[in-house]
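A.B. asks: Input: one structure, supplied below.
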């Protein structure tokens, strides 16, 4: 990151996966930035992710325990933080959970975003030196065939309650920009991976199960394709948009690393075989195919050319380097994984197909 003028940032969803990585990078590389981290601390919001920041960055990091669905709490957070920039990571984000219970996704992702937008509009008035940046997903575009990539002008076609709720939030952000002149920006990203990711997602779930000698579940035949983006590359893209992107702009952020789910799990297994050999045989022996989830999109792929062309962003990490860094982090944070597995999430399946019973 290049040097930036002093900024006060309000980061929502800061104790989640991508939010944590963003806050840590900003504090480390922007010495004049003051960060106010807001999080409701639901199951995926982990206070341990931010616990050391007060000591590491005295006077520069402040935590606010609040829910973006709470209008009074959000208004109070604005009054306390007096932010120049708001970066919204707060979301219910796991497709499988949205299948089991869709309404919390609508409440948090759509209504919560609207509450943040209205609080920003009222707090900032007619200021133009501010920015409301909303972090979204490639899943709002739906499913691709074997060719092509999502562009910023690709029509929205969400398949799951999760992606539909994020699509609604994206539309609300644009509406507040066009109707009220609120300085907004958005980005839609491909599948993130890296440190601090809650172990319900494919990569940390695979690593956690493999290290515990448990089955490695893969939906269907593992043929679904995803574009993998190392989280540090994503948060650097967000900073570039905040610093150099124009208000009203939207950018796609991808890693350019397409793999089927089966290919990805086999890559993880091969790396673990080298780093932590399993006495009873290769980790790939633990791979188990399970019934596919409803509405499972076949392929996602992101065209990041606008971001590359206009803001000179490029991913720094290919999949090989990103996986090495990710595996190293999880191997050195077994206690962090164990605490989650013993409490908030033991690794069981969510979002079962109709008719499938729970074990």
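The values are calculated or read from the model by the stated rules, or taken from the named source; none is laboratory data. Not measured: the values here are computed from a predicted model. Cβ placement follows ideal geometry from the backbone for every residue including glycine, while neighbour counts extend to all protein chains displayed.
A.B. asks: Pairs please, first residue from the stretch 268-292 and free of Cβ contacts under 8 Å to residues at least 12 places away in the same chain, second anywhere and surrounded by 14 or more Cβ atoms within 10 Å (Cβ to Cβ), Cβ atoms under 7 Å, 6+ apart in sequence or on different chains.
C.D. replies: Note: pairs meeting the criteria are 273/282; 273/283.
A.B. asks: Based on what the data block shows, is residue 76 out of contact with any strand residue (DSSP E or B) (no Cβ under 7 Å at 6 or more places or on another chain), in a helix (DSSP H, G or I) and surrounded by fewer than 20 Cβ atoms within 10 Å (Cβ to Cβ)?
C.D. replies: Values: out of contact with any strand residue (DSSP E or B) (no Cβ under 7 Å at 6 or more places or on another chain): yes; in a helix (DSSP H, G or I): yes; surrounded by fewer than 20 Cβ atoms within 10 Å (Cβ to Cβ): yes.
Judged against the criteria, residue 76 is a match.
A.B. asks: OK, next. Would you mind finding the one in 38, 27 that is touching a helix residue (DSSP H, G or I) at 6+ places or on another chain (Cβ under 8 Å) and part of a helix (DSSP H, G or I)?
C.D. replies: Details: 38 fails: part of a helix (DSSP H, G or I).
Among 38, 27, only 27 is touching a helix residue (DSSP H, G or I) at 6+ places or on another chain (Cβ under 8 Å) and part of a helix (DSSP H, G or I).
A.B. asks: Before we move on, is residue 173 closer than 18 Å to residue 242 by Cβ and either assigned to a helix (DSSP H, G or I) or over 17 Å from the mean Cα position of the chain (by Cα) (or both)? Steps first, please.
C.D. replies: Working: closer than 18 Å to residue 242 by Cβ: yes; either assigned to a helix (DSSP H, G or I) or over 17 Å from the mean Cα position of the chain (by Cα) (or both): yes.
So residue 173 fits the description; yes.
A.B. asks: So, in the stretch 83-118, how many residues would count as being free of Cβ contacts under 8 Å to residues at least 40 places away in the same chain and either assigned to a loop (DSSP other than H, G, I, E, B) or touching a strand residue (DSSP E or B) at 6+ places or on another chain (Cβ under 6 Å) (or both)?
C.D. replies: 1
A.B. asks: Could you tell me how many of the residues in the stretch 46-73 are surrounded by fewer than 21 Cβ atoms within 10 Å (Cβ to Cβ) and assigned to a loop (DSSP other than H, G, I, E, B)?
C.D. replies: Final tally of qualifying residues: 10.
A.B. asks: Please go through the stretch 153-170 and give me each residue that is surrounded by fewer than 22 Cβ atoms within 10 Å (Cβ to Cβ) and assigned to a loop (DSSP other than H, G, I, E, B), ordered by number.
C.D. replies: Result: 153, 154, 155, 156, 157, 158, 159.
A.B. asks: Determine, yes or no, whether residue 32 is part of a loop (DSSP other than H, G, I, E, B), more than 21 Å from residue 242 (Cα to Cα) and out of contact with any helix residue (DSSP H, G or I) (no Cβ under 6 Å at 6 or more places or on another chain).
C.D. replies: Working: part of a loop (DSSP other than H, G, I, E, B): yes; more than 21 Å from residue 242 (Cα to Cα): no; out of contact with any helix residue (DSSP H, G or I) (no Cβ under 6 Å at 6 or more places or on another chain): yes.
Taking the combined requirement at face value, the residue does not satisfy it.
A.B. asks: Could you count how many residues in the stretch 140-152 are at pLDDT below 95 and not in a loop (DSSP other than H, G, I, E, B)?
C.D. replies: 0
A.B. asks: Inside the stretch 321-341, can you point out the residues that are closer than 12 Å to residue 230 by Cβ and assigned to a loop (DSSP other than H, G, I, E, B)? Step through it out loud before you land on a result.
C.D. replies: The first filter runs over the stretch 321-341 and keeps only residues closer than 12 Å to residue 230 by Cβ, leaving 321-326, 329.
None - no residue of the stretch 321-341 is closer than 12 Å to residue 230 by Cβ and assigned to a loop (DSSP other than H, G, I, E, B), so the list stays empty.
A.B. asks: Now, a different point. Quick check on my filter: what residues within the stretch 119-139 are surrounded by 14 or more Cβ atoms within 10 Å (Cβ to Cβ), part of a helix (DSSP H, G or I) and touching a helix residue (DSSP H, G or I) at 6+ places or on another chain (Cβ under 8 Å)? Walk me through it before giving the result.
C.D. replies: Keep residues of the stretch 119-139 that are surrounded by 14 or more Cβ atoms within 10 Å (Cβ to Cβ), which gives 119-121, 123-124, 130-139.
Subset that is part of a helix (DSSP H, G or I): 119-121, 123-124, 138-139.
Once the filter is applied, which keeps residues that are surrounded by 14 or more Cβ atoms within 10 Å (Cβ to Cβ), part of a helix (DSSP H, G or I) and touching a helix residue (DSSP H, G or I) at 6+ places or on another chain (Cβ under 8 Å), the stretch 119-139 yields 119, 120, 121, 123, 139.
A.B. asks: Here is a further query. Report whether or not residue 22 is in contact (Cβ under 8 Å) with a residue 40 or more places away in the chain, within 13 Å of residue 8 (Cβ to Cβ), outside any loop (DSSP other than H, G, I, E, B) and in contact with a strand residue (DSSP E or B) (Cβ under 7 Å, 6 or more places away or on another chain).
C.D. replies: no
A.B. asks: Could you tell me whether any residue of the stretch 60-79 is touching a residue at least 24 places away in the same chain (Cβ under 8 Å) and on the phi > 0 side of the Ramachandran plot?
C.D. replies: no
A.B. asks: Go through the stretch 223-320 and tell me which strands (runs of 3 or more DSSP E), entirely inside it, have 3 or more residues that are crowded, with 18+ Cβ neighbours inside 10 Å, touching a strand residue (DSSP E or B) at 6+ places or on another chain (Cβ under 8 Å) and modelled with pLDDT of 95 or more. Steps first, please.
C.D. replies: Working: elements: 225-230, 250-253, 258-260, 287-290.
Correct list: 225-230, 250-253.
A.B. asks: When the residues of the stretch 187-212 are filtered to those that are in a loop (DSSP other than H, G, I, E, B) and in contact with a helix residue (DSSP H, G or I) (Cβ under 7 Å, 6 or more places away or on another chain), which remaining residue is surrounded by the fewest Cβ atoms within 10 Å (Cβ to Cβ)? Steps first, answer last, please.
C.D. replies: Here is the first cut: in the stretch 187-212, the ones in a loop (DSSP other than H, G, I, E, B) are 190, 194-201, 212.
Now restrict to residues that are in contact with a helix residue (DSSP H, G or I) (Cβ under 7 Å, 6 or more places away or on another chain): 190, 194-199.
Numbers: 190: 25, 194: 25, 195: 21, 196: 22, 197: 24, 198: 19, 199: 22.
Restricting to residues being in a loop (DSSP other than H, G, I, E, B) and in contact with a helix residue (DSSP H, G or I) (Cβ under 7 Å, 6 or more places away or on another chain), the top hit is 198.
A.B. asks: Can you tell me which condition residue 156 does not meet? The list is (1) within 23 Å of residue 298 (Cα to Cα); (2) in contact (Cβ under 8 Å) with a residue 24 or more places away in the chain; (3) within 20 Å of the chain's Cα centre (by Cα), and all the others hold.
C.D. replies: (2)
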